[in-house]
(Lines give C-alpha, C1' and ligand atoms only; values in the text may rest on other atoms or scores of the structure.)
Protein backbone atom coordinates (compact mmCIF):
# COMPACT_ATOMS: atom_id res chain seq x y z
CA UNK A 1 0.00 0.00 0.00
CA UNK A 2 2.88 2.33 0.79
CA UNK A 3 4.32 1.62 -2.65
CA UNK A 4 0.97 2.49 -4.29
CA UNK A 5 0.85 5.75 -2.35
CA UNK A 6 4.36 6.65 -3.46
CA UNK A 7 3.49 5.92 -7.08
CA UNK A 8 0.38 8.09 -6.82
CA UNK A 9 2.40 10.90 -5.28
CA UNK A 10 5.00 10.70 -8.05
CA UNK A 11 2.30 10.85 -10.72
CA UNK A 12 0.62 13.92 -9.18
CA UNK A 13 3.99 15.66 -8.73
CA UNK A 14 5.03 14.92 -12.31
CA UNK A 15 1.76 16.25 -13.72
CA UNK A 16 2.06 19.39 -11.62
CA UNK A 17 5.60 20.06 -12.81
CA UNK A 18 4.62 19.46 -16.43
CA UNK A 19 1.77 21.98 -16.11
CA UNK A 20 4.10 24.73 -14.91
CA UNK A 21 5.16 27.23 -17.59
CA UNK A 22 8.86 28.20 -17.63
CA UNK A 23 9.54 31.93 -17.54
CA UNK A 24 11.40 31.79 -20.85
CA UNK A 25 8.18 30.65 -22.57
CA UNK A 26 6.39 33.95 -21.90
CA UNK A 27 9.17 36.42 -22.76
CA UNK A 28 8.95 38.49 -25.95
CA UNK A 29 12.03 39.12 -28.13
CA UNK A 30 14.76 37.61 -25.89
CA UNK A 31 17.60 39.08 -27.94
CA UNK A 32 21.03 39.53 -26.27
CA UNK A 33 21.62 42.48 -28.62
CA UNK A 34 19.04 44.49 -26.66
CA UNK A 35 20.78 46.42 -23.91
CA UNK A 36 20.39 49.33 -21.47
CA UNK A 37 23.13 51.49 -22.97
CA UNK A 38 21.93 52.19 -26.50
CA UNK A 39 18.92 51.37 -28.67
CA UNK A 40 19.13 48.53 -31.17
CA UNK A 41 18.13 49.65 -34.66
CA UNK A 42 15.66 47.35 -36.45
CA UNK A 43 14.74 48.55 -39.96
CA UNK A 44 11.25 47.61 -41.07
CA UNK A 45 9.08 48.17 -44.09
CA UNK A 46 6.45 50.36 -42.39
CA UNK A 47 4.33 49.24 -45.31
CA UNK A 48 1.70 51.51 -46.81
CA UNK A 49 -1.76 50.03 -47.26
CA UNK A 50 -3.33 50.42 -50.68
CA UNK A 51 -7.10 50.52 -51.01
CA UNK A 52 -8.87 47.58 -52.61
CA UNK A 53 -12.43 46.58 -53.57
CA UNK A 54 -14.59 45.98 -50.52
CA UNK A 55 -12.90 48.64 -48.42
CA UNK A 56 -15.07 51.38 -46.93
CA UNK A 57 -13.89 54.98 -46.90
CA UNK A 58 -15.48 57.93 -45.19
CA UNK A 59 -15.29 61.27 -46.99
CA UNK A 60 -16.01 64.51 -45.18
CA UNK A 61 -16.16 67.78 -47.08
CA UNK A 62 -15.88 71.08 -45.28
CA UNK A 63 -16.54 74.42 -46.95
CA UNK A 64 -17.96 77.83 -46.04
CA UNK A 65 -21.09 76.96 -48.02
CA UNK A 66 -22.72 74.50 -45.61
CA UNK A 67 -25.57 73.60 -47.94
CA UNK A 68 -23.14 72.60 -50.68
CA UNK A 69 -21.06 70.58 -48.24
CA UNK A 70 -24.16 68.76 -46.97
CA UNK A 71 -25.06 67.90 -50.55
CA UNK A 72 -21.77 66.07 -51.06
CA UNK A 73 -21.59 64.58 -47.57
CA UNK A 74 -23.74 61.48 -47.17
CA UNK A 75 -24.85 62.65 -43.73
CA UNK A 76 -24.77 66.20 -42.31
CA UNK A 77 -22.18 67.10 -39.69
CA UNK A 78 -24.73 67.11 -36.87
CA UNK A 79 -25.85 63.52 -37.50
CA UNK A 80 -25.60 61.58 -34.22
CA UNK A 81 -25.05 58.29 -36.07
CA UNK A 82 -21.76 59.58 -37.45
CA UNK A 83 -19.79 58.67 -34.35
CA UNK A 84 -20.66 54.95 -34.10
CA UNK A 85 -19.18 52.01 -36.00
CA UNK A 86 -22.46 51.33 -37.88
CA UNK A 87 -22.69 55.05 -38.57
CA UNK A 88 -19.24 55.15 -40.13
CA UNK A 89 -20.19 52.25 -42.39
CA UNK A 90 -23.65 53.48 -43.40
CA UNK A 91 -22.46 57.03 -44.08
CA UNK A 92 -19.40 56.07 -46.08
CA UNK A 93 -18.48 54.87 -49.55
CA UNK A 94 -17.80 51.20 -50.33
CA UNK A 95 -15.24 50.57 -53.05
CA UNK A 96 -16.94 48.57 -55.80
CA UNK A 97 -15.51 45.49 -57.47
CA UNK A 98 -14.25 47.69 -60.29
CA UNK A 99 -12.25 49.70 -57.73
CA UNK A 100 -14.37 52.84 -57.84
CA UNK A 101 -16.53 54.96 -55.56
CA UNK A 102 -19.48 56.94 -56.90
CA UNK A 103 -19.52 60.59 -55.78
CA UNK A 104 -22.34 63.08 -56.39
CA UNK A 105 -21.82 65.11 -59.61
CA UNK A 106 -18.27 63.79 -60.07
CA UNK A 107 -19.41 60.23 -60.79
CA UNK A 108 -17.15 57.21 -60.45
CA UNK A 109 -13.60 57.70 -59.23
CA UNK A 110 -11.11 54.85 -59.27
CA UNK A 111 -9.36 54.69 -55.89
CA UNK A 112 -8.36 51.02 -55.64
CA UNK A 113 -4.59 50.65 -55.66
CA UNK A 114 -4.08 54.09 -54.10
CA UNK A 115 -2.96 54.89 -50.57
CA UNK A 116 -5.39 56.76 -48.33
CA UNK A 117 -3.48 60.01 -48.88
CA UNK A 118 -3.40 59.52 -52.65
CA UNK A 119 -7.14 58.80 -52.73
CA UNK A 120 -7.81 61.91 -50.66
CA UNK A 121 -5.82 64.05 -53.08
CA UNK A 122 -7.61 62.49 -56.08
CA UNK A 123 -11.05 63.19 -54.58
CA UNK A 124 -10.02 66.76 -53.80
CA UNK A 125 -8.84 67.40 -57.36
CA UNK A 126 -11.94 65.75 -58.84
CA UNK A 127 -14.33 67.87 -56.77
CA UNK A 128 -12.41 71.10 -57.33
CA UNK A 129 -14.72 72.28 -60.17
CA UNK A 130 -17.76 71.91 -57.89
CA UNK A 131 -16.28 73.19 -54.61
CA UNK A 132 -14.03 76.17 -54.10
CA UNK A 133 -11.62 76.28 -51.15
CA UNK A 134 -13.01 73.04 -49.81
CA UNK A 135 -11.23 70.83 -47.29
CA UNK A 136 -11.44 67.11 -48.08
CA UNK A 137 -10.87 64.46 -45.42
CA UNK A 138 -10.80 60.79 -46.48
CA UNK A 139 -10.38 57.98 -43.95
CA UNK A 140 -10.41 54.20 -44.15
CA UNK A 141 -13.14 53.03 -41.74
CA UNK A 142 -13.17 49.31 -42.52
CA UNK A 143 -9.83 48.55 -40.84
CA UNK A 144 -10.96 45.65 -38.69
CA UNK A 145 -8.91 42.77 -37.27
CA UNK A 146 -9.93 39.57 -35.49
CA UNK A 147 -7.83 38.15 -32.65
CA UNK A 148 -8.57 34.59 -31.50
CA UNK A 149 -7.04 31.84 -29.39
CA UNK A 150 -5.01 32.24 -26.21
CA UNK A 151 -5.61 35.94 -25.57
CA UNK A 152 -7.43 37.49 -22.64
CA UNK A 153 -10.14 39.20 -24.72
CA UNK A 154 -10.66 37.47 -28.09
CA UNK A 155 -12.88 39.20 -30.63
CA UNK A 156 -12.78 41.68 -33.49
CA UNK A 157 -11.44 45.22 -33.16
CA UNK A 158 -11.66 48.35 -35.28
CA UNK A 159 -8.41 50.23 -35.90
CA UNK A 160 -8.89 53.99 -36.04
CA UNK A 161 -5.59 54.59 -37.77
CA UNK A 162 -4.01 54.03 -41.17
CA UNK A 163 -1.84 51.22 -39.81
CA UNK A 164 -1.43 48.94 -36.80
CA UNK A 165 1.28 46.54 -35.66
CA UNK A 166 0.89 42.95 -34.53
CA UNK A 167 1.75 43.99 -30.97
CA UNK A 168 -0.95 46.67 -31.04
CA UNK A 169 -3.49 44.10 -32.22
CA UNK A 170 -2.54 41.71 -29.43
CA UNK A 171 -2.68 44.61 -26.98
CA UNK A 172 -6.26 45.38 -28.01
CA UNK A 173 -7.10 41.76 -27.17
CA UNK A 174 -5.61 42.10 -23.69
CA UNK A 175 -2.28 40.39 -24.53
CA UNK A 176 -1.59 36.66 -24.60
CA UNK A 177 -2.53 34.43 -21.69
CA UNK A 178 0.19 32.48 -19.91
CA UNK A 179 -0.78 29.53 -22.11
CA UNK A 180 -0.37 31.47 -25.37
CA UNK A 181 2.39 30.07 -27.57
CA UNK A 182 4.60 33.05 -28.40
CA UNK A 183 6.44 30.98 -30.98
CA UNK A 184 3.38 29.98 -33.04
CA UNK A 185 1.04 32.84 -33.91
CA UNK A 186 -0.91 32.41 -37.13
CA UNK A 187 -1.78 35.43 -39.29
CA UNK A 188 -4.45 34.82 -41.92
CA UNK A 189 -4.60 37.52 -44.59
CA UNK A 190 -6.93 38.13 -47.52
CA UNK A 191 -5.18 38.43 -50.89
CA UNK A 192 -6.36 38.64 -54.48
CA UNK A 193 -6.08 34.87 -54.92
CA UNK A 194 -7.99 34.10 -51.70
CA UNK A 195 -6.31 33.74 -48.32
CA UNK A 196 -2.77 33.16 -47.11
CA UNK A 197 -1.50 32.10 -43.69
CA UNK A 198 1.89 32.42 -42.05
CA UNK A 199 3.36 31.60 -38.63
CA UNK A 200 5.00 34.38 -36.63
CA UNK A 201 7.44 33.86 -33.75
CA UNK A 202 7.29 36.62 -31.15
CA UNK A 203 10.43 35.24 -29.53
CA UNK A 204 12.42 36.07 -32.67
CA UNK A 205 13.37 39.79 -32.78
CA UNK A 206 13.46 39.53 -36.59
CA UNK A 207 9.66 39.69 -36.56
CA UNK A 208 10.00 43.43 -35.92
CA UNK A 209 11.46 43.74 -39.41
CA UNK A 210 8.97 41.39 -41.05
CA UNK A 211 6.28 42.54 -43.47
CA UNK A 212 3.79 40.76 -41.21
CA UNK A 213 4.69 42.96 -38.26
CA UNK A 214 2.18 45.45 -39.70
CA UNK A 215 -1.40 44.21 -39.82
CA UNK A 216 -3.76 44.85 -42.70
CA UNK A 217 -7.56 45.21 -42.76
CA UNK A 218 -9.43 41.96 -42.15
CA UNK A 219 -6.37 40.14 -40.82
CA UNK A 220 -7.09 37.26 -38.44
CA UNK A 221 -4.54 36.66 -35.66
CA UNK A 222 -4.75 33.26 -33.99
CA UNK A 223 -2.63 32.49 -30.92
CA UNK A 224 -2.01 28.78 -30.55
CA UNK A 225 -2.01 27.23 -27.05
CA UNK A 226 1.02 25.72 -25.34
CA UNK A 227 1.04 21.98 -24.65
CA UNK A 228 1.09 22.94 -20.96
CA UNK A 229 -2.56 23.97 -21.23
CA UNK A 230 -3.66 20.45 -22.12
CA UNK A 231 -1.51 19.14 -19.28
CA UNK A 232 -3.08 21.61 -16.87
CA UNK A 233 -6.58 20.60 -18.01
CA UNK A 234 -5.67 16.96 -17.57
CA UNK A 235 -4.31 17.78 -14.13
CA UNK A 236 -7.59 19.43 -13.14
CA UNK A 237 -9.46 16.31 -14.24
CA UNK A 238 -6.96 14.12 -12.45
CA UNK A 239 -7.20 16.10 -9.20
CA UNK A 240 -10.58 14.65 -8.24
CA UNK A 241 -9.35 11.14 -8.89
CA UNK A 242 -6.26 11.85 -6.80
CA UNK A 243 -8.38 13.03 -3.88
CA UNK A 244 -10.52 9.91 -4.04
CA UNK A 245 -7.42 7.71 -4.38
CA UNK A 246 -5.81 9.38 -1.37
CA UNK A 247 -8.93 9.06 0.76
CA UNK A 248 -9.37 5.37 -0.06
CA UNK A 249 -5.67 4.66 0.50
CA UNK A 250 -5.71 6.42 3.86
CA UNK A 251 -8.78 4.48 4.94
CA UNK A 252 -7.17 1.18 3.98
CA UNK A 253 -3.99 2.07 5.84
CA UNK A 254 -5.95 2.89 8.99
CA UNK A 255 -7.94 -0.34 8.76
CA UNK A 256 -4.74 -2.32 8.16
CA UNK A 257 -3.10 -0.70 11.19
CA UNK A 258 -6.13 -1.49 13.39
CA UNK A 259 -6.15 -5.12 12.25
CA UNK A 260 -2.45 -5.50 13.08
CA UNK A 261 -3.07 -4.20 16.56
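Would you please name the residue that is farthest from the chain's Cα centre (by Cα), looking only at residues in segment 179-192 that are over 21 Å from residue 218 (Cβ atoms) and surrounded by 15 or more Cβ atoms within 10 Å (Cβ to Cβ)? The residue in question is 179. Listed conditions (1) loosely packed, with under 15 Cβ neighbours inside 10 Å; (2) part of a loop (DSSP other than H, G, I, E, B); (3) outside the structural domain of residue 215 (by TED's automatic domain parsing); (4) at pLDDT below 90 are all met by residue 39, apart from (3). Looking at segment 86-126, which of the residues that are out of contact with any strand residue (DSSP E or B) (no Cβ under 9 Å at 6 or more places or on another chain) and surrounded by 14 or more Cβ atoms within 10 Å (Cβ to Cβ) is nearest to residue 72 (Cα to Cα)? Ranking the qualifying residues of segment 86-126, first place goes to 106.
Can you name every residue in segment 165-197 that is in contact with a strand residue (DSSP E or B) (Cβ under 7 Å, 6 or more places away or on another chain), assigned to a strand (DSSP E or B) and over 21 Å from residue 53 (Cβ atoms)? Across segment 165-197, the qualifying residues are 165, 176, 180, 181, 182, 184, 185, 186, 187, 197. Pick from 191, 207: which is within 17 Å of residue 144 (Cα to Cα) and assigned by TED's automatic domain parsing to the domain that holds residue 157? Being within 17 Å of residue 144 (Cα to Cα) and assigned by TED's automatic domain parsing to the domain that holds residue 157 holds for just one of 191, 207, which is 191. Can you confirm whether segment 196-210 contains a residue that is closer than 24 Å to residue 139 by Cβ, at pLDDT below 90, within 16 Å of the chain's Cα centre (by Cα) and surrounded by 12 or more Cβ atoms within 10 Å (Cβ to Cβ)? No.
The values are calculated or read from the model by the stated rules, or taken from the named source; none is laboratory data. On a predicted model such as this, the values are computed, not experimentally measured, just so you know. Glycine also receives a Cβ, built like all others from the backbone with ideal geometry; neighbour counts cover every protein chain displayed.
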